[in-house]
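Right, one structure below, let's go through it.
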Amino acid sequence: MNVLPVAQTFLSVHEKASMESTRMSRLATAITVFTLCVSSDVMLKADDPIVIELWPGEAPEEPGTIGEEYVRMSPELTPDQVEVTTSTRMLSDVTVPTITIYRPDADIATGTSMLICPGGGYWNLYWELEGEEVAEWLASKGITGIILKYRVPRRPDDTEAEPARRPLQDAQRAVSLVRSRAEEWGLHPDRIGMIGFSAGGHLAVSTATRFEERTYAAVDEIDEVSCRPNFAVAAYSGYLATKEGNALSSHMHVPEGTPPIFLVHGSNDPISPPQHSVMMYLALQEANIPAELHIYASTTHDFGIRDADRPYAAWTEACLRWLEGQGLLETRRISSRWPKHSCLDERSTVSKRQNPFEPQTLRWRKC
């Protein structure tokens, strides 16, 4: 069977999209900077997303050649390419990786958390469709949704037609950061998962299978904490199979200790054909790793978690049943010590931030 090479297709669709769309707005430059210490009178609302920078300083191997981070709208594509054809908000030129935390209501909180990896071919981040909407859905099910804003676009030294290198650094750091603060945030350190879409699905699977060795030099005590997620969900992933679609990609492997993985794909996906999920599933089976695969008929790319009168709309319920079967939706509460107050970083000036992506930004320091 002829299979479109996913890397080539990502380049043609997402790079073309980048060229066709103009920059809509620059992110606000005024930033309210908080830390996770307790001592001032600046309140953190329980229902507000909280944003935390991943790295204490500059991210590893950052060349300094990327422009200012910006927001734009995705191109309107056709139904033979994607399921969601309308424009949604995207992010690009990310040099300061963060996590954005959406907490469930206390009465339904399970203590399970999931890092969310939006797609975009490692060129952009589909922040609205595969980030915010997913985080809100997870929170409504009692799961803490944590959007990972990883570095895009590809840097000049990334290998052509291969996955970008730096996003995995950000993902490994994010898992360790969440686990290091799990008790403090009322989360279970053994119930930290990942969910990713398109290239973000590849990132989720890569993080779940490349936990044996960190891809960057440790920078602090957070990097002494395990970066292995406890489970992963990957939707319409790319970069998992060879160009021919008949074997697992050479950069992928399934080591002992790989966590359970749920895979979902569309049968008619022209951007990342379903063979990527099929080959991954077969590799997991061969390694005796628990896995589940769903391929939906007459379904293309980019369906996210939106409800629709289409075959793929059943996948979210299937995923929830799988999570329930893993014991991840059981309510096992532990005391949360989310700060009611936050002390201001002495180095910063305080001003009201109007950026919808980062309503509150926290930076780590000791008080």
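Would you point out the residue of segment 124-161, among those that are part of a helix (DSSP H, G or I) and among the aromatic types (F, W, Y), that is farthest from A204 (Cα to Cα)? So, considering only residues that are part of a helix (DSSP H, G or I) and among the aromatic types (F, W, Y), the one farthest from A204 (Cα to Cα) is W137.
Yes/no per residue for (1) modelled with pLDDT of 95 or more; (2) closer than 30 Å to T159 by Cα; (3) aliphatic (A, V, I, L, M):
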| position | (1), (2), (3) |
| --- | --- |
| H14 | no, yes, no |
| E20 | no, yes, no |
| D41 | no, no, no |
| D47 | no, no, no |
| P56 | yes, yes, no |
| T65 | no, yes, no |
| Y70 | yes, yes, no |
| E83 | yes, yes, no |
| L91 | yes, yes, yes |
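Within 15 Å of the chain's Cα centre (by Cα) and either more than 21 Å from A318 (Cβ to Cβ) or among the aromatic types (F, W, Y) (or both), is that true of A241? Criteria not met by A241. Screening P79 against (1) crowded, with 16+ Cβ neighbours inside 10 Å; (2) touching a residue at least 60 places away in the same chain (Cβ under 8 Å) leaves a single unmet condition, (1).
Let me confirm something: among A217, A164, which residue is touching a Phe, Trp or Tyr at 6+ places or on another chain (Cβ under 6 Å), part of a loop (DSSP other than H, G, I, E, B), among the small types (G, A, S) and touching a residue at least 40 places away in the same chain (Cβ under 8 Å)? Break it down into steps so the answer makes sense when it comes.
Working: A217 fails: touching a Phe, Trp or Tyr at 6+ places or on another chain (Cβ under 6 Å).
Unique residue meeting the criteria: A164.
Out of everything in segment 139-151 that is surrounded by 24 or more Cβ atoms within 10 Å (Cβ to Cβ) and more than 12 Å from the chain's Cα centre (by Cα), what residue ends up being farthest from E324 (Cα to Cα)?
Residues of segment 139-151 surrounded by 24 or more Cβ atoms within 10 Å (Cβ to Cβ): 143-151.
Within this subset, residues satisfying the condition of being more than 12 Å from the chain's Cα centre (by Cα) are 143-144.
Working: I143: 12, T144: 15 Å.
Among those that are surrounded by 24 or more Cβ atoms within 10 Å (Cβ to Cβ) and more than 12 Å from the chain's Cα centre (by Cα), it is T144.
Condition test on L282, is it in a helix (DSSP H, G or I) and either hydrophobic (A, V, I, L, M, F, W, C) or farther than 24 Å from E133 by Cβ (or both)?
Working: in a helix (DSSP H, G or I): yes; either hydrophobic (A, V, I, L, M, F, W, C) or farther than 24 Å from E133 by Cβ (or both): yes.
Considered against the rule, which asks whether it is in a helix (DSSP H, G or I) and either hydrophobic (A, V, I, L, M, F, W, C) or farther than 24 Å from E133 by Cβ (or both), L282 comes out as yes.
Say we look at segment 300-322 and pick out the residues that are of a type outside the set (A, V, I, L, M), assigned to a loop (DSSP other than H, G, I, E, B) and within 18 Å of the chain's Cα centre (by Cα); which of these is surrounded by the most Cβ atoms within 10 Å (Cβ to Cβ)? Outline the logic, then answer.
Let us first name the residues in segment 300-322 that are of a type outside the set (A, V, I, L, M), namely 300-304, 306-307, 309-312, 315-317, 319, 321-322.
Remaining after also requiring assigned to a loop (DSSP other than H, G, I, E, B): 300, 302-304, 306-307, 309-310.
Subset that is within 18 Å of the chain's Cα centre (by Cα): 302-304, 306.
Numbers: D302: 25, F303: 27, G304: 25, R306: 15.
My answer is F303.
Among residues that are out of contact with any Asp or Glu (no Cβ under 6 Å at 6 or more places or on another chain), on the phi < 0 side of the Ramachandran plot and assigned to a helix (DSSP H, G or I), H188 is not included. Among what's in segment 248-262 and is surrounded by 16 or more Cβ atoms within 10 Å (Cβ to Cβ) and without any contact (Cβ under 8 Å) to a residue 40 or more places away in the chain, pick the residue that is farthest from A199 (Cα to Cα). Only one residue tops the list, namely L248.
Residues that are among the hydrophobic types (A, V, I, L, M, F, W, C), more than 23 Å from L328 (Cα to Cα) and either surrounded by 24 or more Cβ atoms within 10 Å (Cβ to Cβ) or in contact with a strand residue (DSSP E or B) (Cβ under 8 Å, 6 or more places away or on another chain) (or both): does segment 200-221 have at least one?
As a first pass, look at segment 200-221 and keep what is among the hydrophobic types (A, V, I, L, M, F, W, C): 203-205, 208, 211, 217-219.
Subset that is more than 23 Å from L328 (Cα to Cα): 217-219.
Subsequent filtering for residues that are either surrounded by 24 or more Cβ atoms within 10 Å (Cβ to Cβ) or in contact with a strand residue (DSSP E or B) (Cβ under 8 Å, 6 or more places away or on another chain) (or both) retains none.
There is no residue in segment 200-221 that is among the hydrophobic types (A, V, I, L, M, F, W, C), more than 23 Å from L328 (Cα to Cα) and either surrounded by 24 or more Cβ atoms within 10 Å (Cβ to Cβ) or in contact with a strand residue (DSSP E or B) (Cβ under 8 Å, 6 or more places away or on another chain) (or both).
Selection of first residues in segment 311-327 that are within 21 Å of D269 (Cβ to Cβ) and of second residues that are surrounded by fewer than 16 Cβ atoms within 10 Å (Cβ to Cβ) and among the acidic types (D, E), restricted to Cβ pairs under 7 Å at least 6 apart or on distinct chains, gives the following pairs, ordered by first then second residue: A313/D307. Taking the conditions exactly as written (touching a helix residue (DSSP H, G or I) at 6+ places or on another chain (Cβ under 8 Å), assigned to a helix (DSSP H, G or I) and not polar (S, T, N, Q)), does R173 satisfy them or not? Yes: the conditions hold for R173. Scanning segment 76-104 for residues that are outside any loop (DSSP other than H, G, I, E, B), under 16 Å from the mean Cα position of the chain (by Cα) and either at positive phi or of a type in the set (V, I, T) (or both) yields T98, I99, T100, I101. Selection of segment 111-131 for residues being touching an Asp or Glu at 6+ places or on another chain (Cβ under 8 Å) and surrounded by fewer than 23 Cβ atoms within 10 Å (Cβ to Cβ) yields only W123.
The values are calculated or read from the model by the stated rules, or taken from the named source; none is laboratory data. Remember, it's a predicted structure, so these values are computed and weren't measured experimentally. Every residue, glycine as well, gets a Cβ built from its backbone with ideal geometry; the counts of neighbours run over all protein chains shown.
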